[in-house]
C-alpha cells in the first residue's frame with residue numbers, strides 16, 4: 001500500500017494538530033463543570049436540542065459512514081442506498097418513540113444515568129441481576145463498536161504514514177481516550193458537534209469536486225445494474241433475504257445506548273421534536289453525500305485511469321482524496337475521517353466506562369464506597385481498560401469495518417430495542433420479560449452473525465432483524481406467562497405516563 005506524498009503528509013499532520021488541539025480545549029472547558037458521576041455520564045442533563053441532535057447523528061455515523069458506506073456504493077451501486085435509508089428511519093423512530101418518554105422516565109426512576117440502572121428501577125428488580133446482565137452485554141457490544149473505529153483509524157494512519165495495524169490502532173486509541181478522559185460526557189457531546197460539521201463539509205467538497213472532474217459521473221466502469229436501486233450491481237433481482245438484512249439497520253437505532261443516553265441528557269423533553277428534526281436532516285445529508293462519494297468515485301477513477309488503485313474498497317475515500325485534491329485540501333479531508341472515528345469511539349468508551357462503574361456488580365460495590373470525585377477517576381480508569389480490550393480485539397480478530405458495525409449496531413438493537421419499546425409503552429411488561437428480551441436478543445444476534453448458509457440462505461441475513469423478532473416475541477410470551485409487575489412498578493409507570 002503506497003502512502004500519500006510528503007507534501008500531503010505535512011498538511012495532514014498540520015490538520016490533525018489543529019483539530020486535536022481544538023478537541024483538547026473543548027474537553028478542558030467541559031471538565032470545569034464536571035462535579036460528579038452524573039456530570040461525567042450525562043452532563044447534568046443540560047444538553048441542548050442542537051447539541052443532542054448533532055451528537056446523536058455524528059456518534060451514529062462513525063468510520064463506517066466515511067469509509068464503509070462509500071465502499072458499499074462503489075462496489076454495489078444504488079442498491080446499497082437502502083442501508084443508510086433504513087439507518088435514518090431507525091434514528092427517526094428512536095427519537096419519535098423513545099426520546100420524550102425515556103427523558104421523563106429516567107428522571108422519575110431515581111434519576112437513572114445509565115440504561116441498565118433505568119431498567120432496574122423501571123422493573124423493580126431488587127436482585128440486581130437485570131442491571132448486571134444488561135451492563136455486561138452492553139460492554140461486549142461496545143468493544144466490537146470501538147474496534148470498528150480503531151480499525152478505521154489504523155487504515156487512515158497506514159494510508160498516510162505507512163504504519164502497520166498495531167501502531168495505527170494504538171495511536172487512534174490514545175487520541176480518542178485523551179480528550180474523553182479529560183472532559184466527560186459534555187465535552188464528548190460538544191466535540192461531536194465539531195466533528196459532525198467537519199464530516200459534512202468534507203463530504204460535500206468531495207462530491208462537488210468529483211462531479212465537476214468527471215465527464216460522465218453516472219457512466220463509466222459500472223455493471224448493468226449499478227444505477228438501479230431495485231437490483232444488484234450485476235442486474236440480478238433483490239431477494240427477501242436482502243430486504244430483511246437491510247431492515248436491520250433501522251433496528252439498531254432503537255437500542256443503541258449512546259443514542260438513548262442523549263435522550264436522557266437533553267435539557268427538557270419539549271426539545272425532543274426539534275432535536276429529532278435536526279438529527280434526521282443531518283443524517284439524510286451526510287449519508288447522501290457519503291453514498292454519492294462511492295457512486296461518483298467509480299467513473300471518476302475510471303476516467304483518471306486509477307480504478308485499479310482501489311484494492312481495498314474501504315479505502316476509496318482515501319484514494320479519491322489524494323488523486324483529485326491539492327495537499328492542503330487533502331489534509332482537511334483526511335482529518336474528517338479521524339473525526340468520524342472519534343465521534344463514535346469517544347461516546348462508546350465513555351458509555352462503557354460509566355456502565356462498568358455503576359452497573360457491573362463487583363465494580364459497582366467498589367464505586368459506592370468512593371467519594372464523587374474518586375468515582376469519576378474510577379470511570380476514567382475503566383475507560384482506559386475497555387479501550388485496551390477493544391484494541392486487542394482489533395488486533396487479534398481483525399475484520400471489515402462494515403461487519404464489526406453490523407454486529408454491534410444490530411446486536412444492541414435486538415437486545416435493547418424490544419425492552420425499551422415495551423418498557424416505555426406496556427404497563428404489564430415485567431422484569432422476566434425484560435431479562436428475556438436482553439438475553440435472547442444477544443444470543444440470537446451472535447448466532448446469526450457467526451453462522452452462514454442454511455435453507456434459502458437464512459443464516460446470511462444480517463443479525464438485527466431475526467434477533468429483534470425473536471427477542472420481541474419471547475419477551476412478550478414470558479411476560480404473559482409470569483406474574484404481573486408489583487404495585488410500586490405499576491404506580492411509577494402510571495405516574496410517568498400521566499405526566
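The values are calculated or read from the model by the stated rules, or taken from the named source; none is laboratory data. Nothing here was measured: the structure is a model prediction, and the numbers come from that model. For neighbour counting, all protein chains shown are included, and Cβ atoms are generated from backbone atoms with ideal geometry for every residue, glycine included.
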Considering every residue within region 403-418, establish whether at least one is in contact (Cβ under 8 Å) with a residue 24 or more places away in the chain, more than 21 Å from the chain's Cα centre (by Cα) and on the phi < 0 side of the Ramachandran plot. no
What number of residues within region 254-293 are in contact with a strand residue (DSSP E or B) (Cβ under 7 Å, 6 or more places away or on another chain), more than 30 Å from residue 208 (Cβ to Cβ) and part of a helix (DSSP H, G or I)? 3
Could you go through region 132-155 and let me know if any residue there is surrounded by fewer than 24 Cβ atoms within 10 Å (Cβ to Cβ), outside any helix (DSSP H, G or I) and touching a helix residue (DSSP H, G or I) at 6+ places or on another chain (Cβ under 7 Å). no
Selection within region 333-375 - over 26 Å from residue 196 (Cβ atoms) and surrounded by 17 or more Cβ atoms within 10 Å (Cβ to Cβ): 356, 357, 358, 359, 360, 363, 364, 367, 375
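Condition check: more than 30 Å from residue 357 (Cβ to Cβ), crowded, with 18+ Cβ neighbours inside 10 Å and modelled with pLDDT under 75. Does residue 77 satisfy that? So that I can check it myself, show each step before the final result.
Values: more than 30 Å from residue 357 (Cβ to Cβ): yes; crowded, with 18+ Cβ neighbours inside 10 Å: yes; modelled with pLDDT under 75: no.
No; evaluated as a whole, the condition is false for this residue.
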With the structure loaded, tell me whether residue 442 is part of a helix (DSSP H, G or I), touching a residue at least 12 places away in the same chain (Cβ under 8 Å) and touching a helix residue (DSSP H, G or I) at 6+ places or on another chain (Cβ under 6 Å) or whether it fails that test. yes
Let me spell it out: the conditions are (1) over 16 Å from residue 255 (Cβ atoms); (2) modelled with pLDDT of 95 or more, and residue 470 meets all of them except one. Which number is the exception? (1)
Selection count, region 105-120, where residues are surrounded by fewer than 20 Cβ atoms within 10 Å (Cβ to Cβ) and part of a helix (DSSP H, G or I): 2
Residues being closer than 29 Å to residue 111 by Cβ and more than 32 Å from the chain's Cα centre (by Cα): count how many of those fall in region 447-499. 12
For region 445-473, enumerate the residues that are surrounded by fewer than 21 Cβ atoms within 10 Å (Cβ to Cβ), in a helix (DSSP H, G or I) and without any contact (Cβ under 8 Å) to a residue 24 or more places away in the chain. 447, 450, 455, 459, 469, 473
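Hey, can you tell me all the residues within region 474-496 that are in a helix (DSSP H, G or I) and exposed (fewer than 14 other Cβ atoms within 10 Å of the Cβ)?
From region 474-496, those in a helix (DSSP H, G or I) are 474-481, 487-496; that's our starting set.
Result: 477, 480, 481, 487, 488, 491, 494, 495.
Go through region 180-229 and count every residue that is part of a loop (DSSP other than H, G, I, E, B) and either closer than 30 Å to residue 263 by Cα or modelled with pLDDT under 85 (or both). Outline the logic, then answer.
Just the residues of region 180-229 that are part of a loop (DSSP other than H, G, I, E, B), to begin with: 214-229.
From the residues that got through so far, the ones that are either closer than 30 Å to residue 263 by Cα or modelled with pLDDT under 85 (or both) too are 214-228.
Final tally of qualifying residues: 15.
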Please return the ranges of helices (runs of 4 or more DSSP H) entirely within region 294-402 where 1 or more residues are out of contact with any helix residue (DSSP H, G or I) (no Cβ under 9 Å at 6 or more places or on another chain). 361-368, 372-396
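Which one of these is crowded, with 17+ Cβ neighbours inside 10 Å, farther than 23 Å from residue 101 by Cα and touching a residue at least 24 places away in the same chain (Cβ under 8 Å): 315, 258, 262?
On the way: 258 fails: farther than 23 Å from residue 101 by Cα; 262 fails: farther than 23 Å from residue 101 by Cα.
The match here is 315.
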